[in-house]
Each structure stands twice: as structure tokens, then as C-alpha cells.
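Below is one structure, written out as C-alpha cells; the observations come after it.
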Amino acid sequence: MSVTAAKGFAASGIHCGIRRRHRDLALVRSLLPATGAGLFTANQVQAAPVVVSREHLELAEPQAVVANSGTANAATGMRGELDARATAAEAARLLDVQVEEVLVLSTGVIGLPLPLGNMLSGLRTAASALSGDGGADAADAILTTDTRAKESVAHGSGFTVGGMAKGSGMIHPNLATMLAVLTTDFPLEPGEAIEFLHPAVERSFNSISVDGECSTNDTVLLLANGASEVERSPAADEAFAVAVGKVCADLASQIVADGEGATVLAEIHVRGAASEPEAKAIARRIATSPLVKTALYGRDANWGRVLAAAGSAPFNGGYATVDPDLLGLSFNGTPVLAGGQPLGAEPDVSGANCTIELELGLGDAAARYLTSDLSSDYVRINADYRT
């Protein structure tokens, strides 16, 4: 159910002392020559590991990933970048690969320096602990405020895609405070991985929000080593694209469900938009509205808040197109609005899942977004995060 589900991958997760007790260092490697790709945060304040990993992907094909929790190694200046490079160099030495073939990920408190001594000694332990059964330990080692590990796997005809992710708070595209590593034994040529990763990420990790905060460290990686020896064909490629999409969607859903303080997982569907970008802008605005999210926490189908958010969705310097007289809206399948007129219904939104469907009546474009409620526990968790 994780990054070692596909053939030819090994992983480990150990405690190296960055955090008090919890595992805090993960190592994933391909046992065969691999190719890969990555997508990173759109935040202009980018953590040192993001800078270094971007650079390494431009120079070489990734063979291994080092990830730590406890400190984000962000806003740490030149020292942070040197520490990230030293981490990659030590992992490369231990695994007998080139330094540019190692990608580094970090998550945790911003502004704290990486305890390099712990990292380097921990890497030696992690390298010796690498195992085909180590995926669960690796997934556990990258958690911060998460309440559970996030793993997923999808099987195709003769191949496997596995993945792990972390994320609970600061979740909002593009990407979110989340790390995700996908591995597969499907055969890809250098440069092809991004063609499969990008659309899958756009429909999953870039369509979720917990708190509207865009992080400094967001990263999604895909490593492919061809160990399955599947014969390539248009049908095989399509099946692989579907499998990558399934793993990304599953991990993204797990992240939102485990959002800090979350008690409701909400699925926002916007249909009948004039264009897909406008549909996504409206879905994003609803998903990030504090008023909508607090109503979800209160189990209140406050449809007026949904309409207000939809009508104020930023788009191309203005707002996405909405005609109030054409709107239809339902909660959990119960219509509350049709043709812009209220129907007087009171939907049942008392459960842990809520589906909000908004029909715009303007065209054929649609978008989907996942979000969570905004609870008092979210405030408590983030008020006490560093203390």
C-alpha cells in the first residue's frame, strides 16, 4: 500500500532526533535505474529542499528521495541550502549514486535550521534499514500534524503504482503543505514522467483545500524504474495514466479528510460553467470560503454562503461569470435552489461527508474540489503549533 508496492523499490523510516520521539527521516530508492519528474510549490518563498530538488531534476534522473519531518528547512538562508546539498551528498555516497540523482524533501516548522548532524547520522541508519517492506515506516516518518499515514496503490495489467503523502494543514494549491512520492515499475523514457504526473496532480492535489494557505515546501515526485517490463502501447499508457490519477486522487482525499481539526469532508461540484478555468475558480472560491467551511462545521446547509462565494470568485482580474437567475444548488442530493429560486428544502448535512453541487446554466464546463470544514480544533492546533 505504499512506495514499495511496485517492483524494484526499497524504503525505510527511522527516528534520527529531529523530533522528540516520532520517526522523522524517510529514505526511498529505486533498485534499478529510474526516471522521474517533480512538481513543486508556486509560493515565491521556496524552501531550500525545493530549490535543490528542482536543480537536481534538471541535471539528472532521480534514483532516491530523502525526506525529513520536524523542520521545513525554509527561510533558513544559505545555510539551509548548504544543509540540503549536504544531505543529498551523504545519501548519494551511501547509495552509490550521483548527488544530482538524490532529491530532498522537508516538512515542519519554517525558520528552524536543519540539524545536519542528526540528518547525516540518521541517513546511515536509514540506508542500512532499506527494505521492500519499509514503505509503511517511510510514510510514517514524513508526518507532522497528520493523525495517520497516507498510502495508496493502484494496479494495472502487469504494473503497479504506489504512493505515500503527508499533509494536514497549510493545504491549498498550488500545491499544498504536502509531500507526495509516487513510485512505479511501469517503463518510462526520460522526460515522459511529467506528461503523466502533471494532469494527475492538476485533478487531485491542485484541487484540494483545507485552509487556503500555500506552503513553502510542496512537492510531488514520481519515480519509474521499468521493473515490470510491461510492453508499451497506447492502451498500456492510458491504463498507466489512470493508475497514476487514482493514486494521486486517493492520497489527496486522505489529506483533506485528515485536515487539521477536520470533522467534515466536503466535495464541491461546479457544473454548467462557461469555461473549465471559470468552473475551477468558482469551486476553489467555495472550497476556501471561511463562511462556507464554518457552516460545514456547524452542520448547517447555509446555501446563501455558497452563492455569495460563487459570485465573488476571482478570475482574470475580475470575477468568474455567474447569472443569479440560472443557478441551481443542492446539498447531499437535496435541491435547495432551482432557476435562481429557493425551494424551501432543508437538506440533511449532519454526517461526516457533504456533497455540494452548483449548476451555473451557462455552458458545459465543470470542476471538482475537495475541502474540509473549519473547526475550533483547527485554531487550537495552529495556535499551539510551535509550543
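The values are calculated or read from the model by the stated rules, or taken from the named source; none is laboratory data. Just so it is clear, the model here is predicted, and its values are computed rather than measured. Here the Cβ is made from the backbone with ideal geometry for all residues, glycine too, and neighbour counts use every protein chain on show. SASA here: full protein model, heavy atoms, side chains in, ligands and nucleic acids out. Shrake-Rupley method; radii C 1.70, N 1.55, O 1.52, S 1.80 Å.
Can you pull the one-decimal nm distance between simple spin-label points at ARG148 and ILE194, each 7 Å off the Cα toward Cβ?
3.6 nm
Once R0 is set to 22 Å, what does the formula 1/(1 + (r/R0)^6) return for the Cβ-Cβ distance between ASP323 and THR355, expressed as a FRET efficiency to the nearest 0.05?
It comes to 0.45.
Once all Cα-Cα distances of the chain are split into 10 Å bins that start at 0, what whole-number percent is in each one?
Going from the shortest bin to the longest, the percentages are 5, 24, 30, 23, 13, 4, 0.
About the Cα centre of the chain, how large is the charge dipole given +1 on each Lys and Arg Cβ and -1 on each Asp and Glu Cβ? Please answer in debye to the nearest 20.
Charge dipole of the chain: 1080 debye, to the nearest 20.
Give me the percent relative contact order of the chain, please, defined on Cα pairs under 8 angstrom at least 6 residues apart.
Values: 1055 pairs, mean separation 67.4, N = 387.
About 17 percent, as a whole number.
Per DSSP H run of n ≥ 4, the term is -39500 (n - 2.57); total these for the chain, divide by its residue number, and report the mean residue ellipticity at 222 nm rounded to 500 deg cm²/dmol.
Result for the chain, helices only: -10000 deg cm²/dmol.
Binning at 5 Å from 0, report for region 1-105 what percent of all alpha-carbon pair distances ends up in each bin.
The distribution over region 1-105 is 2, 12, 22, 25, 21, 13, 5, 1, given as percents.
From largest accessible area down, sort THR4, THR147, THR125, THR35; use a 1.4 Å probe on the protein chains.
Final ranking, largest accessible area leading: THR147, THR125, THR4, THR35.
P(r) for region 257-387, please, calculated from all Cα pair distances in 5 Å bins and given in %.
So the P(r) values, bin by bin, are 2, 12, 21, 23, 18, 12, 7, 3, 1, 1, 0.
Over 22 Å between C-alpha atoms is what I'm after, so list which of LYS150/LYS246; LYS246/LYS293; LYS7/LYS150 land there.
Numbers: LYS150/LYS246 14 Å; LYS246/LYS293 26 Å; LYS7/LYS150 20 Å.
Pairs exceeding 22 Å: LYS246/LYS293.
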